[in-house]
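Written below as C-alpha cells is the structure these notes are about.
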Amino acid sequence: MTAPTLLIVDDETELLSLLDEYFSQQAFRVLTAPDAAKARAILASEQPQVAVLDVHLPDEDGLSLARWMRVQHPRVGILMLSTAADVVDRIVGLEIGADDYVAKPFELRELLARVKGLLRRTLPAVQAAEQASTATATATVAAPPTHRVAFGTCTLDTDQRRLFDAAGADIDITASEFDLMLLFVRNPNRPLNRDQIMERAHNRSWDVFDRSIDLRIMRLRRKVERNPEKPEYIKTVRGVGYVYVPEGHR
C-alpha cells in the first residue's frame, strides 16, 4: 500500500524537523515547507492527502494559503495549527474551509490522531475521483450513479463523496462537510446535539467553547439551502443542536 503523503508548512525549523521525523516514522511520506511560497511550489507537482498549515507564516499567512488551497486543491484535507489564544484564527480557518485545527503547544500523538482521522475522511474521496477519472477515460457509456440522495436543494453522492447542485454541477465540499451531511442523511428528522455530531462525524469530543460545529453548519447551509438565513433542511433545535429535515418531511 502506498504511504499517504503529508505536507507540513511551518516556519519553526526545529518543529518542522521534529514533525518530519515523527510522521516519517509513522509511515507517512512527508513534504515540508518553511513558508507559503515553498508550499505552493510543492503543490504544483505534488498532491498530498493532508496538509498541516501553521497560521503564522513569514511571507503569507496560513489562512490565505488555506483559502487558495481550498479552491485549487479541494480534495486535500487541511488542518490548521494556531496558538491556544488565537480563537479568531481558528474561526476564520474553519469558515474558509479548513477541516480541523490543533492549538499549539500540542502532543504529537494528538496531532497524529487528528491527521489520521482526516486522512480516513479524505482518502475515499481521492480514490473515488481517480476511479471516476479512469472510468470516464475507458468507458464508452458511463454507469449510472447508484448511491445518490437528495440533500436540500442538492444531490449527495455517498460513494464518490461529491455534492451536485440542481443542474448537476459539482459543488466543492470538504471532508468534514461530507461527514456532516452523511451523518444527517443517516439520521433524518432526529435532533443531534453537538457532542453526537463531533463524536460521530469528526471523531473527537466537543466543548462549550468550540464553535466549529456551528461554523460548519453555517457553511453547509450556504450550499444546500434556498435561503441560508431561513433554513428549511438543516434546522436549529434550541437547547439541543441541529436536525436534518429531508424534502417532503416539513
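Coordinate-derived values only; no laboratory data. Just so you know, these numbers come straight off a predicted model, no measurement behind them. Positions of Cβ are backbone-derived with ideal geometry, glycine not excepted, and every protein chain shown enters the neighbour counts.
Of note:
- Here's the list of lysines a cross-link from K38 could span, going by alpha-carbon distance under 28 Å and ignoring same-chain residues fewer than 8 apart: K104, K116.
- Relative contact order computed over the range 144-244 (Cα-Cα under 8 Å; 6+ residues apart), in percent: 25 percent
- Sequence-separation-based contact order of the range 5-124, relative, with Cα cut under 8 Å and 6+ spacing, percent: 23 percent
- Max-minus-min Cα coordinates of the range 5-124 on each principal axis give 33, 30, 27 Å, with the largest extent listed first.
- Expressed as a whole percent, the proportion of Cα-Cα pairs in the range 144-244 lying more than 23 Å apart is 21%.
- Taking a straight Cα-Cα cut-off under 26 Å and skipping sequence neighbours fewer than 8 places away in the same chain, the lysines within cross-link reach of K235 are K223.
- Residues R109, R238, ranked from the fewest to the most other C-beta atoms within 10 Å, line up as R238, R109.
- Between the amide H of I78 and those of A51, D99, D100, distances stay under 5 Å, these residues lying 5 or more places away or on another chain, with hydrogens modeled in the peptide plane.
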